[in-house]
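Read through the structure below, which is laid out as structure tokens, and then see the notes.
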Amino acid sequence: MDQSVAIQETLADGETCLIVVQGILAGEESVESRLLGLVRTHGEHALFLYTHRRMAITAEDVCLERIVPITEGFAVEEVTPDNDRYIIGSDVTVQISSEDGQLVVQLPFGSHTRMFLQEISKCLPGIVGSEDIKQNGKNLVVNHSQSTNSDDKVTLRQSKSKTDVSEMVRSSMIVSDKACSLSLQKFGLRDTIVKSQLVKREDSYTSLQNFRFFVGTYNVNGQSPKESLRPWLSHGIEPPDVYCVGFQELDLSKEAFFFNDTPKEEEWFKAVTDSLHPDARYAKVKLIRLVGMMLLLYVKADHALNISEVEAETVGTGIMGRMGNKGAVAIRFKFHNTSVCIVNSHLAAHMEEYERRNQDFKDICSRMQFCQLDPNLPPLTISKHDVVLWLGDLNYRLEELDVEKVKMLIEKKAFRALYKHDQLKRQMDEKAVFEGFSEGEITFQPTYKYDTGCDGWDTSEKCRAPAWCDRILWKGKNIFQLSYRSHMAVKISDHKPVSSMFDIKVKVVNEELYRKAFEEIVRSLDKMENASIPSVILSQREFSFRDVKYMQLQVKTFTIRNEQVPCQFEFINKLDEDTYCKEWLIANPRKGFLLPDSEMTIELELFVNKSTATRLNSGEEKLEDILILHLNEGKDYFLSVTGNYLPSCFGSPIQTLCYMREPIQDMSAESIRELTLLPLQMSDDIFRDEKPLDIPKELWMLVDHLYRNASHQEDLFQQPGLRSEFQQIRDCLDTGMLDTLLGSNHSVAEALLLFLESLPEPVICCHLYNDCLHCAGNYTLSSQVVSRLPTCHKNVFNYLMAFLRELLKNSEKNHLDANILASIFGGLLLRPPPRHPKPDVTEKRKAQQFIQQFLLRESNSP
Amino acid sequence: PSPFPPPGVDFKMKTIEVDGIKVRIQIWDTAGQERYQTITKQYYRRAQGIFLVYDISSERSYQHIMKWASDVDEYAPDGVQKILIGNKADEEQKRQVGREQGLQLAKEYGMDFYETSACTNVNIKESFTRLTELVLQAHRKELDGLRAYAAGELNLAELEEEEGKPEGAENSPKACWC
Ligand SMILES: Nc1nc2c(ncn2[C@@H]2O[C@H](COP(=O)(O)OP(=O)(O)OP(=O)(O)O)[C@@H](O)[C@H]2O)c(=O)[nH]1
Ligand SMILES: [Mg+2]
């Protein structure tokens, strides 16, 4: 039962109850039950102690008694209580110390307590790393004190154990503790998968080993243990590995019934403990009691390590279908890798009530639910266990026989004949109860009802007919009953105790094989996960663009074929760059989404324009780039792009071209580089052996062509040329293959404009831009500015002006006027320096005005 | 598809257990070819642990470790954990780099050293476990208790020194441990 719900209800907003455990608070004289809740508030933790009703369901069932903050100085230490009766038991007793005192609390054995202590240890402030938690298998409970002695700080202060037994059982906790730390919900679903896979493969890493179980049941009729129980529990047998001992009618008093509190628990617990087989040491795993039903579980101390996941629950089926005078108590645990559930039930009484008993059985089966370590899993029911051992006063009677007949058959030891009248057998034959369970042959006389203290049948007024009330059944594979008997020598009650010995084959884990299976599962999960990482196939990932030319688009395509996982792809920026590729490249589309098994074509467009041409000419930059194609939550692919660029007069500086007497593509890469990087010469000083040309020959060819062919051309510089013709013109200029330019006047005119546009340094050098705008309108000043240009620029300027004036002379034919030409050329010849804001209308007007002055003057002709 | 992953950064998850703590590792396998080096560097920034891998049958790949190591120094975060790996330990007959040379270099850099074989699976698990341990140790103070330990994901970048041969030049089976 999860009592944290009740506690959570008492908390304020922002406070969370992480885990609750029920413990016994050791006072001076008395022992009292408390609920201990670990509560988190805004990153801080505290233990809340509550007094409570037996089963706390709502906030009304609990009452906050005390809060122990988990701060510096808080410590939880394991101690061994002085009280003798706990020597054998394996409940954990801890001492909780804080600034305001100490508490000693006894916590039940089991996984829940382990979790609880573990959660606390996580909340200790400034908890040390896992290294320390594991190093010493024992420091499950970490003492966190401010001691300066570092040894002291992290080691568990465990008081000396009185016996080896309790020591053993404690370490068992720690071992399973480790297993549990592996399976805490940190990995959530993944863990659940691993676990279920491990269960599936169980056969591969477990082998069966025989263990002997003693199962006993005794209805003690409210009596105290006046005699030794040895004849029942240990006479004439080998020491069993496991003891499951159940009682009914432990206490018939009203106190027990209403408050579930009885001194008999201690008495009988001690009596059993004292009567266990003397040739072995046993550890108590668990005691569970509901009113008069009590179940005790012991294991041989050597096996303590192999017991885990112990849980106990109760179900009342008594008055109102809930009270605990009838019903069952049960303990479930894992022994090695086999899950075992022991049920002790006391079903409805009276001869005629067999259907009621059947119903009790069903109610117990459906209502008995054990919580699991993994909160993702539903609670466990009895039937989910590998081994179920069911004992108790099932109260089924012998029917259709009168008392005398029964006694007569008993006298003759005609148990088979008698058994035919057994209600339980008949009900089981009809599948009305205990389906799937087995019971051994009964070769002992009925265990009910005797006069207390002797072996004689009931002589009371009621004179009950004898019956086999006390029974032991089992369900599961690999269970072999060795004996099934009663113990007539024990005369404390009106029932006789019954016992059965079983050999049960338990699945024992081979650590090495387990490890292997575990690793395989983890690996296959990793594999699955890796298969769900997006991944694509690229049709091509190296792209080589050959003979790239100025302003000639080249496109290469490739396909991205998606594999199994839907994915988002994108070309991402490289380190310290704010673009995903070089300026001359574009990937289209740059990003996209692909469904499984679909594909998309990507175009890589390479286009060299004026802003990249110069550096490619000079070789300062190469056509080389690597693109990163990134898949969201997946891999990155590198695409490599290379190419060779054919240098061009387009994008070359005026001065460079003036030094080139040959077409640029006949020049060596080194001389192009050298000439391109040559600083702009301001005067006519000759740095080089060769005198430069007055103006670039390419410019001359373009202008000369237009001068000779286009002076009468209408719409010159206003109608676009043809792309293909531009390419021919460009090739002609760059290779010098032809003496005359091919193509229409418009294409040549456009090539001229493109040429001027592509100049890295405009004809009117940038640094004179502002001066020109200032003196636009003042021809003298303007001429002075022009005279300050480097020689080759000045030449080009004057040459162009002369040419344009020449065109204007034919304006009747070509309809050009100074206004049009000045505005077209103004924007090309005068360009602002880099980082200058884009020219606005006023600036453009001034540039036009500046040029226009020169078009209207006849002087200065070249 | 070709048996060789295309150059880039391959990305895989692996779960291993170190001292009973489950650790999820993100493995980035970066392309080793020289021309990608400027780009692969950017992946070092997010690494917590790095394998520097050379090929024991290639003296050249061993010489190249120096370059990798200095790149890592420059680009990887402080406190990144490194392990030197001499791979292809199964190719004893082609060995060009002695075990001692590996040890020596590792010592100079203060790294652990393993000779591994992706083909025969020698020391693969061990080296992963070791690097994870080192990373866990290095991050102990930052991580808060056992819970964070197991939940924390590690990023191990794997840098493989490559041989300079075009891909597909070798026919030996591809690594099979992941
Ligand atoms: N004999 C042998 N061959 C191996 C081993 N590991 C890898 N190879 C082979 O070596 C070649 C190169 O392996 P890759 O894993 O592609 O090398 P890489 O360093 O990742 O290469 P890049 O990703 O290009 O940097 C392949 O043919 C592999 O099959 C090994 O341990 N032994
Ligand atoms: Mg690789």
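Of the residues A:Leu699, A:Leu738, A:Leu693, which is at pLDDT 95 or above and farther than 15 Å from A:Leu807 by Cα? If you could, list the steps in order and put the result at the bottom.
Numbers: A:Leu738 fails: at pLDDT 95 or above; A:Leu693 fails: at pLDDT 95 or above.
None of the other options fit; the residue is A:Leu699.
What's the number of the only condition in (1) out of contact with any Asp or Glu (no Cβ under 8 Å at 6 or more places or on another chain); (2) under 16 Å from B:Ala106 (Cβ atoms) that B:Ile50 fails to meet?
(1)
Which one is farthest from A:Val220 (Cα to Cα), of the residues in region A:435-449 that are crowded, with 17+ Cβ neighbours inside 10 Å and out of contact with any strand residue (DSSP E or B) (no Cβ under 6 Å at 6 or more places or on another chain)?
Residue satisfying both the conditions and the ranking: A:Ile442.
For region A:538-555: of the residues being of a type in the set (A, V, I, L, M, F, W, C) and more than 21 Å from B:Arg35 (Cβ to Cβ), which is most open to solvent (accessible area, probe 1.4 Å)? Before the answer, list the steps.
In the first step, residues of region A:538-555 are kept if they are of a type in the set (A, V, I, L, M, F, W, C); the result is A:538, A:543, A:545, A:548, A:551, A:553, A:555.
The next check asks that each one be more than 21 Å from B:Arg35 (Cβ to Cβ); those that pass are A:551, A:553, A:555.
Values: A:Met551: 22, A:Leu553: 96, A:Val555: 67 Å².
So, considering only residues that are of a type in the set (A, V, I, L, M, F, W, C) and more than 21 Å from B:Arg35 (Cβ to Cβ), the one most open to solvent (accessible area, probe 1.4 Å) is A:Leu553.
Going through B:Glu100, B:Glu34 one at a time, which residue ends up being over 15 Å from the mean Cα position of the chain (by Cα) and more than 14 Å from ligand 2 (Cβ to nearest atom)? Break it down stepwise before answering.
Working: B:Glu34 fails: more than 14 Å from ligand 2 (Cβ to nearest atom).
Selected residue: B:Glu100, the only one of B:Glu100, B:Glu34 that is over 15 Å from the mean Cα position of the chain (by Cα) and more than 14 Å from ligand 2 (Cβ to nearest atom).
Out of (1) in a helix (DSSP H, G or I); (2) open to solvent by less than 60 Å² (accessible area, probe 1.4 Å), what's the single condition that is false for A:Lys844?
(2)
Report those helices (runs of 4 or more DSSP H) wholly inside region A:735-827 carrying at least 1 residues which are under 17 Å from A:Lys846 (Cβ atoms) and free of Cβ contacts under 8 Å to residues at least 24 places away in the same chain. Let's see the steps before the verdict.
On the way: elements: A:745-758, A:769-775, A:779-787, A:791-809, A:811-814.
Those helices (runs of 4 or more DSSP H) span A:769-775, A:779-787.
Looking at (1) of a type in the set (Asp, Glu); (2) open to solvent by 20 Å² or more (accessible area, probe 1.4 Å); (3) more than 13 Å from the chain's Cα centre (by Cα); (4) under 27 Å from A:His630 (Cβ atoms), which one does B:Glu17 not meet, given that it meets all the others?
(4)
Restricting to region A:576-598, give me the number of residues that are within 14 Å of another protein chain (Cβ to nearest Cβ) and surrounded by 14 or more Cβ atoms within 10 Å (Cβ to Cβ).
Residues flagged as within 14 Å of another protein chain (Cβ to nearest Cβ) and surrounded by 14 or more Cβ atoms within 10 Å (Cβ to Cβ) within region A:576-598 amount to 3.
Whether any residue in region A:61-70 is modelled with pLDDT under 85, in a loop (DSSP other than H, G, I, E, B) and acidic (Asp, Glu) is what I want to check.
no
Scanning for something more than 14 Å from every other protein chain (Cβ to nearest Cβ), under 25 Å from the mean Cα position of the chain (by Cα) and either surrounded by fewer than 21 Cβ atoms within 10 Å (Cβ to Cβ) or at pLDDT 65 or above (or both), does region A:116-137 turn up at least one residue?
The first filter runs over region A:116-137 and keeps only residues more than 14 Å from every other protein chain (Cβ to nearest Cβ), leaving A:116.
Next cut, under 25 Å from the mean Cα position of the chain (by Cα) only: A:116.
Imposing the further condition that a residue be either surrounded by fewer than 21 Cβ atoms within 10 Å (Cβ to Cβ) or at pLDDT 65 or above (or both) reduces the set to A:116.
Among the residues of region A:116-137, at least one is more than 14 Å from every other protein chain (Cβ to nearest Cβ), under 25 Å from the mean Cα position of the chain (by Cα) and either surrounded by fewer than 21 Cβ atoms within 10 Å (Cβ to Cβ) or at pLDDT 65 or above (or both), which makes the answer yes.
Anything in region A:636-654 that is outside any strand (DSSP E or B) and open to solvent by 10 Å² or more (accessible area, probe 1.4 Å)? List them, or say none. So that I can check it myself, show each step before the final result.
Here is the first cut: in region A:636-654, the residues outside any strand (DSSP E or B) are A:646-654.
Within region A:636-654, A:Leu646, A:Pro647, A:Pro653 meet the criteria.
Any residue in region A:260-289 that's open to solvent by 30 Å² or more (accessible area, probe 1.4 Å): show its pairings with residues that are of a type in the set (Ser, Thr, Tyr) at Cβ separation under 8 Å, as long as the two are six or more apart or on different chains.
Sorted first by the residue in region A:260-289, then by its partner, the pairs are A:Lys264/A:Ser224; A:Glu267/A:Ser224; A:Asp274/A:Ser228; A:Pro278/A:Ser234; A:Arg281/A:Thr163.
Write out, first by first residue and then by second, each pair whose Cβ atoms fall under 7 Å of each other, whose residues are 6+ apart or on separate chains, and whose first residue, in region B:85-101, is within 16 Å of B:Arg60 (Cα to Cα) and without any contact (Cβ under 8 Å) to a residue 24 or more places away in the chain while the second is within 10 Å of ligand 1 (Cβ to nearest atom) and basic (Lys, Arg).
The qualifying pairs do not exist here.
Do we have B:Asp55 as within 16 Å of ligand 2 (Cβ to nearest atom), of a type in the set (Asp, Glu) and either more than 14 Å from every other protein chain (Cβ to nearest Cβ) or touching a His at 6+ places or on another chain (Cβ under 8 Å) (or both) here?
Working: within 16 Å of ligand 2 (Cβ to nearest atom): yes; of a type in the set (Asp, Glu): yes; either more than 14 Å from every other protein chain (Cβ to nearest Cβ) or touching a His at 6+ places or on another chain (Cβ under 8 Å) (or both): yes.
When the stated conditions are applied, B:Asp55 passes them.
Residues in region B:79-93: is at least one under 17 Å from the mean Cα position of the chain (by Cα), of a type in the set (S, T, N, Q), outside any helix (DSSP H, G or I) and within 16 Å of ligand 1 (Cβ to nearest atom)? Please lay out each step first, then the result.
Step one: filter region B:79-93 for residues under 17 Å from the mean Cα position of the chain (by Cα), giving B:79-89.
From the residues that got through so far, the ones that are of a type in the set (S, T, N, Q) too are B:81, B:87.
If we keep only those that are outside any helix (DSSP H, G or I) as well, we get B:81, B:87.
Next cut, within 16 Å of ligand 1 (Cβ to nearest atom) only: B:87.
Scanning region B:79-93, I find at least one residue that is under 17 Å from the mean Cα position of the chain (by Cα), of a type in the set (S, T, N, Q), outside any helix (DSSP H, G or I) and within 16 Å of ligand 1 (Cβ to nearest atom), so the answer is yes.
Yes or no, residue by residue, for (1) surrounded by 22 or more Cβ atoms within 10 Å (Cβ to Cβ); (2) among the charged types (D, E, K, R); (3) within 16 Å of ligand 2 (Cβ to nearest atom); (4) within 14 Å of chain A (Cβ to nearest Cβ):
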site: B:Pro6; (1), (2), (3), (4): no, no, yes, yes
site: B:Ala69; (1), (2), (3), (4): no, no, no, no
site: B:Leu84; (1), (2), (3), (4): yes, no, no, no
site: B:Gln93; (1), (2), (3), (4): no, no, no, no
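Which residues, taken from region A:405-424, are open to solvent by less than 40 Å² (accessible area, probe 1.4 Å), farther than 18 Å from A:His350 by Cα and in contact with a strand residue (DSSP E or B) (Cβ under 7 Å, 6 or more places away or on another chain)?
Once the filter is applied, which keeps residues that are open to solvent by less than 40 Å² (accessible area, probe 1.4 Å), farther than 18 Å from A:His350 by Cα and in contact with a strand residue (DSSP E or B) (Cβ under 7 Å, 6 or more places away or on another chain), region A:405-424 yields only A:Leu418.
For the condition assigned by TED's automatic domain parsing to the domain that holds A:Glu353 and surrounded by 15 or more Cβ atoms within 10 Å (Cβ to Cβ), what is the one hit in A:Cys454, A:Cys469? It would help to see each step written out before you state the result.
Numbers: A:Cys454 fails: surrounded by 15 or more Cβ atoms within 10 Å (Cβ to Cβ).
Exactly one of A:Cys454, A:Cys469 is assigned by TED's automatic domain parsing to the domain that holds A:Glu353 and surrounded by 15 or more Cβ atoms within 10 Å (Cβ to Cβ), namely A:Cys469.
Give region B:94-107 a look and list any residue that's away from ligand 1 (no atom under 13 Å from the Cβ) and part of a loop (DSSP other than H, G, I, E, B), or say none. Before the answer, list the steps.
First, the residues of region B:94-107 that are away from ligand 1 (no atom under 13 Å from the Cβ): B:96-107.
Those that are away from ligand 1 (no atom under 13 Å from the Cβ) and part of a loop (DSSP other than H, G, I, E, B): B:Gln96, B:Val97, B:Gly98.
Any residue at all in region A:236-258 that is within 27 Å of A:Ile504 (Cβ to Cβ) and without any contact (Cβ under 8 Å) to a residue 24 or more places away in the chain?
Checked region A:236-258: at least one residue is within 27 Å of A:Ile504 (Cβ to Cβ) and without any contact (Cβ under 8 Å) to a residue 24 or more places away in the chain.
Would you point out the residue of region A:619-635, among those that are facing chain B (nearest Cβ under 9 Å) and hydrophobic (A, V, I, L, M, F, W, C), that is most open to solvent (accessible area, probe 1.4 Å)?
By that ranking, first place goes to A:Ile626.
Kindly evaluate A:Ile533 against the criterion of being within 14 Å of chain B (Cβ to nearest Cβ), in a loop (DSSP other than H, G, I, E, B), crowded, with 17+ Cβ neighbours inside 10 Å and of a type in the set (A, V, I, L, M, F, W, C).
On the way: within 14 Å of chain B (Cβ to nearest Cβ): yes; in a loop (DSSP other than H, G, I, E, B): yes; crowded, with 17+ Cβ neighbours inside 10 Å: yes; of a type in the set (A, V, I, L, M, F, W, C): yes.
Criteria met by A:Ile533.
Could you give every pair whose Cβ atoms fall below 9 Å, whose first residue belongs to region B:12-34 and is within 7 Å of another protein chain (Cβ to nearest Cβ), and whose second residue is in a strand (DSSP E or B) and among the small types (Gly, Ala, Ser), counting only separations of at least 6 or pairs across chains?
As it stands, the answer is B:Ala31/B:Gly8, since those pairs meet every condition given.
Restricting attention to region A:183-212, which residues are charged (D, E, K, R), modelled with pLDDT of 90 or more and surrounded by 14 or more Cβ atoms within 10 Å (Cβ to Cβ)?
So the first thing to find is which residues in region A:183-212 are charged (D, E, K, R), and the list is A:186, A:190-191, A:195, A:200-203, A:212.
If we keep only those that are modelled with pLDDT of 90 or more as well, we get A:200-203, A:212.
Across region A:183-212, the qualifying residues are A:Arg201, A:Glu202, A:Arg212.
The values are calculated or read from the model by the stated rules, or taken from the named source; none is laboratory data. Small disclaimer: the values here were computed from a predicted structure and weren't measured. Cβ sites come from the backbone with ideal geometry, for glycine too, and all protein chains shown count toward neighbours. Surface accessibility is based on the protein's heavy atoms, side chains included, excluding ligands, DNA and RNA. Shrake-Rupley method; radii C 1.70, N 1.55, O 1.52, S 1.80 Å.
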